[in-house]
Amino acid sequence: MVQPNVSVIMAEYNTNNADLKVAIKSILNQTYRDFEFIIVDDGGKNDLAAIKKELGNDKRIRIIKNPENRGLVYSLNNAIAHANGEYLVRMDTDDIAEKDRIKTLYEYSKKHPEFAVVSSRAMEFSGNENYGTIGSRGEKTRREIMRGDVPVHAAAIIKKADIQQIGGYKDYNRAEDLALWCDLLLANKRMYMLDSILYLYRVNPNDYRKRRLRHRGGELKARLHYYPLLGAGPIEYIRIVKSILAGMAPTWMIRLYRNKRLQGRR
């Protein structure tokens, strides 16, 4: 049996059923077809086998069940362990991929093997409203990463061999992506973000509450661990202070600030 070039990996736990189906369909409807779609069931309430059947029983979908609820990092590493593709495409359970997403990322990655990670920009949305775009075009070096100019994790394609080389995702709560970028940079891997908007990133009210300081412990630990290793200077450490202050702000203020910032990128 010929193995696919690409493995799409998704970790699922109690996603809104309708949003989950839209996300899965957006992958199944890709113009690029040579992929496997690994969905890890992290012990949630959704019946993924029934959803697979409802959506046509596509043979590209492989459902992997965790022995119990283990969280996002374990689930992603479990997906990678089962992946056959040379490249990994991330996909979150309530977002939407544009039809040419995988084709564009894969073709660019093949033409530019110097990059371990290639991400597109993304459009934040809620319901029928678009808030604005996330990300900026160009290579992401140590300076960009430490200053918050990072690839969009869920919108990225990553070389499987490179992520395995650094030991996969590290368990920094809500900052596993930041840790991933830092580990790759420390291993002298390179990352690039395309100007194309190929990913629609769904934002719900609860997402803003998760930006409060009590949910930022993993992020702060990751920054304090990696920044010295990456050669951070005073400006980079100010980023940590800003993260703490942002976490102390009321939820409505965080949402207002973020929305106004994104509106300038439409």
Open item on the list: out of contact with any strand residue (DSSP E or B) (no Cβ under 8 Å at 6 or more places or on another chain) and closer than 18 Å to Ala154 by Cα: is that true of Gly71 in this structure?
Closed with: yes
TODO: Collect the residues in region 1-26 that are open to solvent by 60 Å² or more (accessible area, probe 1.4 Å) and in a loop (DSSP other than H, G, I, E, B), keeping them in residue-number order.
DONE: Met1, Val2, Gln3, Tyr13, Asn14, Asn16
Task: Among (1) open to solvent by 70 Å² or more (accessible area, probe 1.4 Å); (2) of a type in the set (Lys, Arg); (3) over 12 Å from Glu12 (Cβ atoms); (4) within 21 Å of the chain's Cα centre (by Cα), the one test that Lys65 misses - done: (3)
Open item on the list: Between a residue in region 83-109 that is among the β-branched types (Val, Ile, Thr) and any residue that is part of a helix (DSSP H, G or I), which pairs come within a Cβ distance under 7 Å, given they are 6 or more apart or on different chains?
Closed with: Val89/Ile102; Val89/Leu105; Thr93/Leu20; Thr93/Ala23; Ile96/Val22; Ile96/Ala23; Ile96/Ser26
Open item on the list: Quick test of your reading of the structure: Gly167 fulfils all but one of (1) of a type in the set (Gly, Ala, Ser); (2) open to solvent by 50 Å² or more (accessible area, probe 1.4 Å); (3) touching a residue at least 60 places away in the same chain (Cβ under 8 Å). Name the failing condition by number.
Closed with: (3)
TODO: For region 27-55, enumerate the residues that are part of a helix (DSSP H, G or I) and aliphatic (A, V, I, L, M).
DONE: Ile27, Leu28, Leu48, Ala49, Ala50, Ile51
TODO: Scan region 98-107 residue by residue and report those that are open to solvent by 50 Å² or more (accessible area, probe 1.4 Å) and closer than 18 Å to Lys160 by Cβ.
DONE: Glu107
- [ ] Check region 198-219 and report whether any residue there is open to solvent by less than 20 Å² (accessible area, probe 1.4 Å), modelled with pLDDT of 60 or more and part of a helix (DSSP H, G or I).
- [x] yes
Task: Subset of region 114-158 that is touching a Lys or Arg at 6+ places or on another chain (Cβ under 7 Å) and among the aromatic types (Phe, Trp, Tyr) - its residue that is surrounded by the fewest Cβ atoms within 10 Å (Cβ to Cβ) - done: Phe125
- [ ] Inspect region 130-138 for any residue being basic (Lys, Arg), in contact with an Asp or Glu (Cβ under 6 Å, 6 or more places away or on another chain) and at pLDDT 95 or above and give the result as yes or no.
- [x] yes
Open item on the list: Among the residues of region 88-95, are any of a type in the set (S, T, N, Q) and buried (at least 21 other Cβ atoms within 10 Å of the Cβ)?
Closed with: yes
Open item on the list: Take the conditions among the small types (Gly, Ala, Ser) and open to solvent by less than 20 Å² (accessible area, probe 1.4 Å) and apply them to Ala187. Does it pass?
Closed with: no
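Every residue, every condition in (1) more than 14 Å from Ser7 (Cα to Cα); (2) of a type in the set (Asp, Glu); (3) modelled with pLDDT under 95; (4) over 20 Å from the mean Cα position of the chain (by Cα), yes or no:
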residue	(1), (2), (3), (4)
Leu20	yes, no, no, no
Tyr32	no, no, no, no
Lys53	yes, no, no, yes
Val73	yes, no, no, no
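The values are calculated or read from the model by the stated rules, or taken from the named source; none is laboratory data. Nothing here was measured: the structure is a model prediction, and the numbers come from that model. Ideal geometry is used to build each Cβ from the backbone, glycine not excepted, and the neighbour counts take in all protein chains shown. SASA here: full protein model, heavy atoms, side chains in, ligands and nucleic acids out. Shrake-Rupley method; radii C 1.70, N 1.55, O 1.52, S 1.80 Å.
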